[in-house]
1. Of all residues in region 34-79 being within 26 Å of His142 (Cα to Cα) and among the β-branched types (Val, Ile, Thr), which is least open to solvent (accessible area, probe 1.4 Å)?
2. If we only count helices (runs of 4 or more DSSP H) wholly inside region 39-147, which ones have 1 or more residues that are among the polar types (S, T, N, Q)?
3. Six or more apart or on different chains, Cβ under 8 Å: which pairs go from a residue in region 101-114 that's touching a residue at least 60 places away in the same chain (Cβ under 8 Å) to one that's part of a helix (DSSP H, G or I)? Could you list them?
4. Please pick out the residue among Glu98, Glu83, Glu2, Glu74 that is among the charged types (D, E, K, R) and in contact with a Pro (Cβ under 9 Å, 6 or more places away or on another chain).
5. Could you tell me which residue of region 126-152 is farthest from Ala69 (Cα to Cα), considering only residues that are open to solvent by 90 Å² or more (accessible area, probe 1.4 Å) and among the basic types (Lys, Arg)?
6. Just give me the residues in region 80-94 being open to solvent by 40 Å² or more (accessible area, probe 1.4 Å) and either of a type in the set (Val, Ile, Thr) or in contact with a Gly (Cβ under 6 Å, 6 or more places away or on another chain) (or both), in sequence order.
7. Of everything in region 102-116 that's under 16 Å from Leu133 (Cβ atoms) and at pLDDT 90 or above, which residue is least open to solvent (accessible area, probe 1.4 Å)?
Amino acid sequence: PERSQALALFAQQVAGHLTQLRNRHTIRAQFEALKESQKQLRLLGDNLPNGFVFQWETDHSGARRFLYASAGLERIHNLTPEEVVSECSHWYNQILPEDRELFERKESEAIALNRPFSAEFRIRNKRDDIRCLFVSSAFTRHEKERIRWDGLVIPKLMVLLIPYCTIIVSSIMKS
């Protein structure tokens, strides 16, 4: 009886160790898959031609801060993602003063009506180029008074071309 109890205890311990090893392997595999998924998402945002993806946050006072901006930001604004994450005003101050009020009003309306935010606006970048842009983003509420925006900024011209691209693709699909 003692020997069979010792064998049973040993078998339980071995099974426990095997389970731990399997769990470690599973966790490691999940971690690697997560890293790969994050890399793919980052590359997608960084390689977006003539645009960038972002995540910014606003609070009840209207203060904004970027949580993330992809590398395309630099091609449009001549600002690095690190610059706007550390100080949002670098980006926001590029919006032309005559467009800023409408930008803020549309953002406030989106929050009040609980709908996505989109706006056309112009910037003057660090090279003194004026660019006409389009932003589209959706928000989620976080921590009572904070709103997180996930979005995309592209040149306005690209938005204007979308209906024509749709027509071209439809005609190609029919032939």
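The values are calculated or read from the model by the stated rules, or taken from the named source; none is laboratory data. This is a predicted model, so every value here is computed, not measured. Cβ placement follows ideal geometry from the backbone for every residue including glycine, while neighbour counts extend to all protein chains displayed. For accessibility, only protein heavy atoms count, side chains too; no ligands or nucleic acids. Shrake-Rupley method; radii C 1.70, N 1.55, O 1.52, S 1.80 Å.
1. My answer is Thr58.
2. In region 39-147, 81-86, 89-92, 97-113 are the helices (runs of 4 or more DSSP H) which contain 1 or more residues that are among the polar types (S, T, N, Q).
3. That search, which allows pairs on different chains as well, returns nothing.
4. Being among the charged types (D, E, K, R) and in contact with a Pro (Cβ under 9 Å, 6 or more places away or on another chain) holds for just one of Glu98, Glu83, Glu2, Glu74, which is Glu74.
5. By that ranking, first place goes to Lys144.
6. Matches in region 80-94: Val85 only.
7. From region 102-116, those under 16 Å from Leu133 (Cβ atoms) are 102-104, 106-107; that's our starting set.
Next, only the ones that are at pLDDT 90 or above stay: 102-103, 106.
Numbers: Leu102: 70, Phe103: 3, Lys106: 74 Å².
My answer is Phe103.
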